1. Going by how many other Cβ atoms sit within 10 Å of their own, how do 519, 137, 121 line up, fewest first?
2. Compute the distribution of all C-alpha to C-alpha distances in segment 217-317, in bins of 10 Å from 0, and list the percent of pairs in each, rounded to whole numbers.
3. Take the Cα atoms of segment 558-609, find their three principal axes, and give me the spread along each one in whole Å, biggest first.
4. Fewest Cβ neighbours within 10 Å first, please rank 76, 485, 81 accordingly.
5. Arranged by the count of other C-beta atoms within 10 angstrom, fewest first, what order do 560, 461, 175 take?
6. State, as an integer percentage, the relative contact order of segment 217-317 based on alpha-carbon contacts under 8 Å between residues 6 or more apart.
């Protein structure tokens, strides 16, 4: 079955005022040209626990291995609600194709319903969940050696029957068919047929030539997960999920799926329950941004790092990914010297894009490329690509691309420490001092492991001249190079490399899209001129992280969020935080003026802003 290669169907907690689970978020199907009745029926929530999201796959829905979760997911009201959604979609949509021809919306609903039945069927005598009963069978190498009471039990036989009759899954393999036939013979069962039923999905996926940056591919086998593959090959599970749209469920990848492996990294890490990107970065001597850049599926604020069942897995690269590019070059202007390259003549530079750039990509309309394809072909992480080209938002990157515009695909070291950006011009920035992101000469002790740029001292240099050349203060230069004496008479040697770029209050604020005033207000131990209280290897507040997903338009200086609960309205939330409803609506412009649209449970809204 090819469903996994076409659709990543994720059930999510309903964002509306009525609690529940939805297959599609409100408004997500507005561009598909559906009838109003069909579209509205697909936004209906089902009265199920969010754990039902695990059932939106083509795999067999076995034991949930958790009695509490099983009880919640398998409430009879959930099955009734899914059946009602089936009736509603059948009446409103019929066989309307979903995302591609041959796959109907109704079949997607029925896939969840079928998996719910497989997960929740019970022994009619004891009332026990059959998958839990089967999970407690003795461990045997051959199912036919099970005790007869287990082999021929209602639960075991019914499981095989459900597998055979499931038109929405590829779980009923030739091995399962042979097993069903053997069990039927051993238990004297009368079965009308053992062949798998015809799939409810009739999808033909056109072949697509995959541009695999690493040149390393892998064909999955039974039992593979994103994490098991990532750990076996030393790659990021997050990046693997990002570059392989054929992965629907990282915990149960379809057997026989051809994957492109990301570039390998020398160090990998398994995310733990209380981790943050900052704690991981600190443990490995990285910037938080490095952790995000090395692992493309991570959000820019790292909010999707930890989840009870992370949809991308839990294995991260904590060293710079490397590898050999084997794909075909795109329309790119580049330099091998690490020096600044002028934007291609006749192509406007995208607004805000850095001009401290060693390679450019011109987005020709005829190429019809996605951001992921551009990044893969130019060996740049999606996070770095969107940071260097701020007119592109990571979540809407493909639609943000402007035909004919030039985008930087190789920002040079230190690109984000100045004002070398474009407003649709072709201005370039040059530097007379050679510098590199890694030391090109011996270094002394004490330099921070996360130094961004190094300079090798030449004859005639002083601490003051080097600092001035790189736009930093002498105090900063001495702080980043503690082996140098305060009067620069000791520890400052020709032909040794010194750190010349690191964080300042201004650069940190700019990096996180806040003002220096906000940064200082949130970190009162730092002096107003940033010369005291701002130390290497210390953590500082750079913003208030929303506790849940947010909508567009919330101001960058929001410093407090609230997640509505059932019964909340715009007026009650405003009153709760001693603000006016007008202020609440102004800070959350995605909400309609009458609060009937854009105000959802499970989403975070701004309830306070800093000056």
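1. 137, 121, 519
2. Final binned percentages: 17, 53, 26, 5.
3. 23, 19, 17
4. Ordered from fewest to most neighbouring Cβ atoms within 10 Å, 76, 485, 81 come out as 76, 485, 81.
5. 175, 560, 461
6. Working: 179 pairs, mean separation 37.9, N = 101.
RCO, segment 217-317: 38 percent.
Just so you know, all these numbers are worked out from the coordinates, no wet-lab data involved. Treat the numbers as computed from the prediction; the structure is a model and nothing was measured. As a convention, Cβ positions derive from the backbone with ideal geometry for all residues, glycine included, and neighbour counts pool all protein chains shown.
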